[in-house]
1. Order the peptides 21-28, 61-68 from the highest to the lowest mean number of other Cβ atoms within 10 Å of their residues.
2. Along the Cα→Cβ direction, 7 angstrom out, place labels at V57 and V19. What is the inter-label distance in nm?
3. If we count every other residue with Cβ under 13 angstrom of F25's Cβ, Lys/Arg +1 and Asp/Glu -1, where does the sum land?
Amino acid sequence: MAPGKRFIVKTYRQGRRFVRLVVGFTVLIVGIILLLTPGPAFVVIPVGLAILATELVWARRLLNQLKNQAKKLAPRGVNPSKDTQSK
């Protein structure tokens, strides 16, 4: 491969990584803002972490922890008939 082509390929990869990081942090920040305002924060935050997890190890670990917590809570679920009877 020619030296100029290697530079272009490397620059392209770095550019894609930079875009992923910017998009991931933007989505994550929007999710954190949605915690304080009405909105689907509990959907947006994992999406931001998933984008960041393609490049960053700490985001991958945090996303795995969130998945494990969700799996633990999933069997419990919400029983709407139980909530309405207690009122």
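1. Highest-to-lowest ranking by the protection proxy: 21-28, 61-68.
2. That separation, rounded to one decimal, is 2.7 nm.
3. +1
Every number here is computed from the coordinates shown, using simple stated rules; none is lab data. Everything quoted here is computed from the prediction, not taken from an experiment. Cβ atoms come from the backbone with ideal geometry, glycine included; neighbour counts cover every protein chain shown.
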